[in-house]
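Engineer: Attaching a single structure in structure tokens format; questions to follow.
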Amino acid sequence: MKIEIYRLSMENPGDAQGLQQLLDNNLIKASQIVAIIGKTEGNGGANDFTRALATHAITAVLSKALNMPSSEVINRIAIAWSGGCEGVLSPHMTVFTRDISANNPNPSDDKREDPNLSKKYARGAMALGVAIGLKEIPKNAVTNESIAHDMSLYSSVASTSAGGEINSCEVVVFGNSPTSTSQYRIGHATLANVTDIDGVRAAIRSAGLNIHAEATEAEVQKIAAIFAKADAPIHGVLWGQRTTMLSDADIHYERHARAALGAVITSVTHDSRIFISGATEHQCALGYAPIAVIVKVADSYS
């Protein structure tokens, strides 16, 4: 099984030109696309319609390429967006393909009243589902009351997002396999806060790229994708100093956090096409945030 990754810049939420060009030039086959994950320039809130527009644009292209209705495309391919490109974050999509022919080597009513409030329950429930599925926590430890409240329950490898533009859960699993012919490797780490530059480097090294400071031009080309979560510091205090992330009535704290972390990661990788989603309920220990990096570790398949 061979996996390929294509990170495509987007000029606007409805821009599927990069994907169309890959298809037109026979660089990828629509039948091999398994997931598309990206960032749009909306506000990331419940009224962020840029995610729905991006999904519409993508499914329109794939509907024609696969000769099937858009509704079937959505059931066939996992499509997930995180809204909000605050700070230096750049709108983009990451397309994942899988070639299995390649030879292998050896919520409750009160939560629905406020759509933004409901997001934390959706994210938390999904993360706890991962934790239960991977036997990180026992199933009987989770109750309706513990979701989004008991942060001692968490998964060490889950990263979840929530949005009103989807009608069902989209699940994408990344992992390294000794039987894969992919030239990519994924690694992960945890961030102590949105300025944890050492945590960013640790995630990159975990994926197999031995980086210690800013990435060189050659190293930048080897970083295929970065997925991170961002959250406000506990009580809004960062390095002993008060911030206004949690008290700003104009800008939601998730947007502050995404902007800060985006700048930190870009300072290392020199590429602002980063998937950063806000809030970390049950996705790691309280106060921390997960980050995963996919690196190209080989120039050709063995």
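The values are calculated or read from the model by the stated rules, or taken from the named source; none is laboratory data. All values reported here derive from a predicted model rather than from experimental measurement. Using ideal geometry, Cβ is built from the backbone for each residue, glycine included, and neighbour counts are taken over all protein chains shown.
Engineer: Within region 1-29, how many residues turn out to be of a type in the set (A, V, I, L, M) and under 30 Å from A122 (Cα atoms)?
Structural biologist: Number of matching residues: 6.
Engineer: Scanning for something assigned to a loop (DSSP other than H, G, I, E, B), of a type in the set (S, T, N, Q), over 19 Å from R273 (Cα atoms) and in the same structural domain as H282 (by TED's automatic domain parsing), does region 192-212 turn up at least one residue? Outline the logic, then answer.
Structural biologist: Just the residues of region 192-212 that are assigned to a loop (DSSP other than H, G, I, E, B), to begin with: 192-196, 207-212.
Subset that is of a type in the set (S, T, N, Q): 193, 195, 210.
Checking which are over 19 Å from R273 (Cα atoms) leaves us with 193, 210.
Pick out the ones that are also in the same structural domain as H282 (by TED's automatic domain parsing) and you get 193, 210.
Yes, region 192-212 contains a residue that is assigned to a loop (DSSP other than H, G, I, E, B), of a type in the set (S, T, N, Q), over 19 Å from R273 (Cα atoms) and in the same structural domain as H282 (by TED's automatic domain parsing).
Engineer: May I ask you to list the residues in region 154-207 that are polar (S, T, N, Q) and in contact with a His (Cβ under 7 Å, 6 or more places away or on another chain)?
Structural biologist: If we filter region 154-207 for residues that are polar (S, T, N, Q), which is where we start, we get 155-156, 159-161, 167-168, 176-177, 179-183, 190, 193, 195, 206.
S155, S206 - these are the residues of region 154-207 that are polar (S, T, N, Q) and in contact with a His (Cβ under 7 Å, 6 or more places away or on another chain).
Engineer: Considering (1) part of a loop (DSSP other than H, G, I, E, B); (2) under 17 Å from A285 (Cβ atoms); (3) in contact with a Pro (Cβ under 8 Å, 6 or more places away or on another chain), say which one T181 fails and leave the rest.
Structural biologist: (2)
Engineer: While we're looking at this one, here's another question. Which of the residues that make up region 12-29 are hydrophobic (A, V, I, L, M, F, W, C) and farther than 13 Å from I79 by Cβ?
Structural biologist: Filtering region 12-29 down to residues hydrophobic (A, V, I, L, M, F, W, C) leaves 16, 19, 22-23, 27-28.
Across region 12-29, the qualifying residues are L22, L23, L27, I28.
Engineer: While we're here: Against the condition closer than 26 Å to A213 by Cα, among the acidic types (D, E) and at pLDDT 90 or above, how does D299 come out, does it pass?
Structural biologist: The answer is no for D299.
Engineer: Let me ask something additional. Tell me which residues, restricted to region 116-140, are buried (at least 19 other Cβ atoms within 10 Å of the Cβ) and in contact with a Pro (Cβ under 8 Å, 6 or more places away or on another chain).
Structural biologist: S118, Y121, A122, A125 - these are the residues of region 116-140 that are buried (at least 19 other Cβ atoms within 10 Å of the Cβ) and in contact with a Pro (Cβ under 8 Å, 6 or more places away or on another chain).
Engineer: Take the residues of region 220-264 that are part of a loop (DSSP other than H, G, I, E, B) and touching a helix residue (DSSP H, G or I) at 6+ places or on another chain (Cβ under 6 Å): which is surrounded by the fewest Cβ atoms within 10 Å (Cβ to Cβ)?
Structural biologist: L246
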